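Colleague: This structure is in structure tokens; I'll ask about it shortly.
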């Protein structure tokens, strides 16, 4: 490591509770978010909370879902890149720098991604003084490429779509030949896991208590649903199970690419999930079920939430409050709708009722899917109010109890064993490393590193008061 000062941001504790950030830094970060979103001080805006330390969330109207259970989404459109993945990229890079594995003056960063992680890597890496190269499939939405380049990132396109991660890995192996390259693989690096285990997981714990004070739920989480891309977000479920032992963790995949469900494969268009392998950082031993969601339903559902005909149908025909309609129009993306449909399916399958709380995540928002919606209209024709009403009944309220497998010991063993083919045969892990993941202590040790990393950052700050 050279003697160059690092650009750093918040600790895990400060991302969870930004009110604990130095007041001057917090005020400057909040002001700069609007005036200069590319200023590194915006690293301190990586959090699920607003300027008043309130969590960004929305309770989904039961008039839309058709179930009695309370379904709540954390929303991430407010994050510096419009997606919570920026939290994972920051945590990964900070950790690598603090432990001397990445030097901004020496190393070029490679961020393998299908979208939001790469966008986050471009934003974080360039803000922290690094050259950032994002490798992602060429068939991803046009908005993704534009956003990466606007942050100063370099794009390398690989063949295929969302599920073509093998091609991304092949390209990263080529890039590794350069000794100055450091590959920050979201599917493998545990900083991704730690961000969601600690920050996302504990945010949901706090939210459950807050909602109980408003008469929503009983202060506990009955279920957490999350689609798997890198399987970072679903790590929040590990924290939830520690606080709420009866909480269910339900993973979601596309019907068109049911990898964990049935060792399946295929192309799909729920951008950000379903990457045709079991990721290294996924604690499959804590997953209670795998459910599959249709990519067309996810996209048509997003069109309902984000276009005028859908708004009219929700308000006029289903009695959804206009304020809820307006908010939902701004915070959902394709995988967010997938997560919501998985929550509805979970409510039905487990017979969850009015006292239950199901939490899921809006991973990004409509701003990066306008081109996808335009293509949907071109294929299926314009959606009018009648069509929107039919979609509400079919997509949201009509979720069926098919494509579900519970997390029996046999199924969890199968999900674990699937890691062999990617991580040992292709990516150089050992059998001993894979077998170690069967022991809960392996995961507990990685969780405990949150405190170690925070202490290391605070030590660095003390020695370098001009770190930012």
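Values in this text are rule-based calculations from the coordinates and carry no lab data. Computed from a prediction, not measured in an experiment: that's the story for all the values here. No Cβ is skipped: glycine too gets one built from the backbone with ideal geometry, and neighbour counts run over all protein chains shown.
Colleague: Quantify how much of the Cα-Cα distance distribution of the stretch 79-136 extends past 18 Å, in percent. Write down the numbers at each step before the final one.
Modeller: Details: 382 of 1653 pairs.
It works out to 23 percent of all Cα pairs.
Colleague: Stokes-Einstein at 20 °C, 1.002 mPa s, Kirkwood radius from Cα pairs: D for the stretch 359-446 in µm² s⁻¹?
Modeller: Working: Rh = 18.0 Å.
For the chosen part, D equals 119 µm²/s.
Colleague: Mind sorting 71, 55 by how few other Cβ atoms lie within 10 Å of their own Cβ, fewest first? Don't skip to the end; give the middle numbers.
Modeller: Working: 71 26, 55 17.
The fewest-first ordering by Cβ neighbours comes to 55, 71.
Colleague: Just to check, using Stokes-Einstein with a Kirkwood Rh over alpha carbon pairs, what's the diffusion coefficient of the stretch 28-94 at 20 °C and 1.002 mPa s in µm²/s?
Modeller: On the way: Rh = 13.5 Å.
Translational diffusion coefficient: 158 µm²/s.
Colleague: Then there is this: Alpha carbon centre of the stretch 1-76 versus the stretch 115-186: separation in Å?
Modeller: 24
Colleague: How long are the semi-axes of the equivalent ellipsoid of the stretch 310-468, taking √(5λ) for every eigenvalue λ of the Cα gyration tensor, in whole Å from largest down?
Modeller: On the way: eigenvalues 317, 133, 69 Å².
That gives 40, 26, 19 Å for the three semi-axes.
Colleague: Also, I was wondering about something else. Restricting to DSSP H runs of at least four residues, report the calculated mean residue ellipticity at 222 nm for the chain, -39500 (n - 2.57) per run over all residues, nearest 500 deg cm²/dmol. Write out the running numbers ahead of the final one.
Modeller: On the way: 20 runs with 203 residues, N = 468.
Helix-only estimate at 222 nm: -13000 deg cm²/dmol.
Colleague: Counting each pair of different Cα atoms once, what's the Kirkwood radius of the stretch 239-394 in Å, rounded to one decimal? Mind showing how you got there, number by number?
Modeller: Values: mean 1/r = 0.0598 Å⁻¹.
After inverting the mean inverse Cα-Cα distance, the result is 16.7 Å.
Colleague: Moving on to the next point. Semi-axes of the equivalent ellipsoid for the stretch 173-242, please: Cα gyration tensor eigenvalues, times 5, square-rooted, ordered largest first, whole Å. Each step should come with its number before you reach the end.
Modeller: Numbers: eigenvalues 249, 21, 12 Å².
Result for the stretch 173-242: semi-axes of 35, 10, 8 Å.
Colleague: If the viscosity is 1.306 mPa s and the temperature 10 °C, what translational diffusion coefficient in µm²/s does Stokes-Einstein give for the chain when Rh comes from Kirkwood over Cα pairs?
Modeller: On the way: Rh = 22.2 Å.
Using the Kirkwood radius from Cα pairs, D works out to 71 µm²/s.
Colleague: Just check the stretch 121-211 against the gyration tensor rule for me: Cα atoms, a ≥ b ≥ c as the square roots of the eigenvalues, rounded for a/c under 1.5, and otherwise prolate or oblate depending on whether a/b exceeds b/c. It would help to have the intermediate numbers written out before the result.
Modeller: On the way: a/c = 1.84, a/b = 1.74, b/c = 1.06.
Prolate.
Colleague: In percent, how large is the relative contact order of the chain, given Cα pairs closer than 8 Å and 6 or more residues apart? Mind showing how you got there, number by number?
Modeller: On the way: 953 pairs, mean separation 85.7, N = 468.
Averaging sequence separation for qualifying contacts and normalising by length gives 18 percent for the chain.
Colleague: When the label point is put 7 Å from the Cα of residue 370 along its Cα-to-beta-carbon vector, which residues of the stretch 136-167 have a backbone N closer than 16 Å?
Modeller: It comes to 141-148, 150, nothing else.
Colleague: Continuing with this model, one more query. Report, in whole Å, the centroid distance computed from the Cα atoms of the stretch 248-269 and the stretch 407-468.
Modeller: That distance is 23 Å.
Colleague: Here's another thing I want to ask about it. Seen from all sides and averaged, what is the projected area of the convex hull of the Cα atoms in the stretch 189-298, in nm²?
Modeller: Details: hull surface 28.5 nm².
One quarter of the hull surface, i.e. the mean projection, equals 7.1 nm².
Colleague: Follow-up. Of the peptides 121-134, 408-421, how do they stack up when ordered by the mean number of other Cβ atoms within 10 Å, highest first? Don't skip to the end; give the middle numbers.
Modeller: Values: 121-134: 25.4, 408-421: 14.7.
Descending mean neighbour count gives 121-134, 408-421.
Colleague: Right, here's the next one. What does the convex hull of the Cα atoms come to per residue for the stretch 3-53, in Å³? Don't jump to the answer; show the numbers that get you there.
Modeller: On the way: hull volume 4.2 nm³, N = 51.
With only Cα atoms used, the stretch 3-53 gives 82 Å³ per residue.
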